[in-house]
Amino acid sequence: MHSHLQRLTVIDIGMEIAKRAGILARTRTNKRHRADLIIAATALEYGFILITQNKTDFTRIPGLKVRGVS
């Protein structure tokens with residue numbers, strides 16, 4: 001487990017991610033958990049594909065690329 005964690009990169013939640021998460025919060029009719037908005041904003045900011053078991057939590061976010069895992 002430790003060797004897997006060493007390969008991960010920590011991404012700080014900077015001002016741009018916080019702003020993007022705030023915009024997402026204001027424009028969503030379906031209120032999501034703040035953590036989900038920060039995760040989505042981070043993926044959008046860095047152009048990442050979001051891989052999740054909860055794909056429905058991230059639907060209808062424009063520009064967000066989401067892949068589900070089973």
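Would the range 46-55 turn up any residue that is free of Cβ contacts under 8 Å to residues at least 24 places away in the same chain, loosely packed, with under 15 Cβ neighbours inside 10 Å and farther than 20 Å from residue 67 by Cβ?
First, pick out the residues of the range 46-55 that are free of Cβ contacts under 8 Å to residues at least 24 places away in the same chain: 47-55.
Next, from what is left, pick out any that are loosely packed, with under 15 Cβ neighbours inside 10 Å: 47-49, 51, 53-55.
Next cut, farther than 20 Å from residue 67 by Cβ only: none.
Scanning the range 46-55 turns up no residue that is free of Cβ contacts under 8 Å to residues at least 24 places away in the same chain, loosely packed, with under 15 Cβ neighbours inside 10 Å and farther than 20 Å from residue 67 by Cβ.
Going by what's in this entry, would residue 26 be described as in contact with a helix residue (DSSP H, G or I) (Cβ under 6 Å, 6 or more places away or on another chain), open to solvent by 70 Å² or more (accessible area, probe 1.4 Å) and more than 25 Å from residue 69 (Cα to Cα)? Answer is no for this residue.
Can you tell me how many residues within the range 48-64 are of a type in the set (D, E, K, R) and either in contact with a strand residue (DSSP E or B) (Cβ under 6 Å, 6 or more places away or on another chain) or not in a loop (DSSP other than H, G, I, E, B) (or both)? So that I can check it myself, show each step before the final result.
First, pick out the residues of the range 48-64 that are of a type in the set (D, E, K, R): 55, 57, 60.
In the following step, the residues that additionally are either in contact with a strand residue (DSSP E or B) (Cβ under 6 Å, 6 or more places away or on another chain) or not in a loop (DSSP other than H, G, I, E, B) (or both) were identified as 55, 57.
Residues meeting the conditions: 2.
Of all the numbered requirements in (1) within 16 Å of residue 10 (Cα to Cα); (2) touching a Lys or Arg at 6+ places or on another chain (Cβ under 7 Å), residue 68 misses one, and that requirement is (1). Can you name the condition, by its number, that residue 37 falls short on among (1) out of contact with any helix residue (DSSP H, G or I) (no Cβ under 8 Å at 6 or more places or on another chain); (2) at pLDDT 90 or above? Failed condition: (1). Scanning the range 6-23 for residues that are open to solvent by less than 100 Å² (accessible area, probe 1.4 Å) and farther than 11 Å from residue 42 by Cα gives 22, 23.
Mind listing just one residue for me: the one in the range 56-67 that is in contact (Cβ under 8 Å) with a residue 24 or more places away in the chain and not charged (D, E, K, R) and, of those, surrounded by the fewest Cβ atoms within 10 Å (Cβ to Cβ)? Spell out how you get there, then give the answer.
Keep residues of the range 56-67 that are in contact (Cβ under 8 Å) with a residue 24 or more places away in the chain, which gives 57, 60-61, 64.
Those still in the list that are not charged (D, E, K, R) too: 61, 64.
Numbers: 61: 20, 64: 17.
Going through the qualifying residues, I end up with 64.
The values are calculated or read from the model by the stated rules, or taken from the named source; none is laboratory data. Worth saying up front: this structure is predicted, and the values here are computed from it rather than measured. Positions of Cβ are backbone-derived with ideal geometry, glycine not excepted, and every protein chain shown enters the neighbour counts. All accessible areas refer to the heavy atoms of the entire protein, side chains included, with ligands and DNA or RNA removed. Shrake-Rupley method; radii C 1.70, N 1.55, O 1.52, S 1.80 Å.
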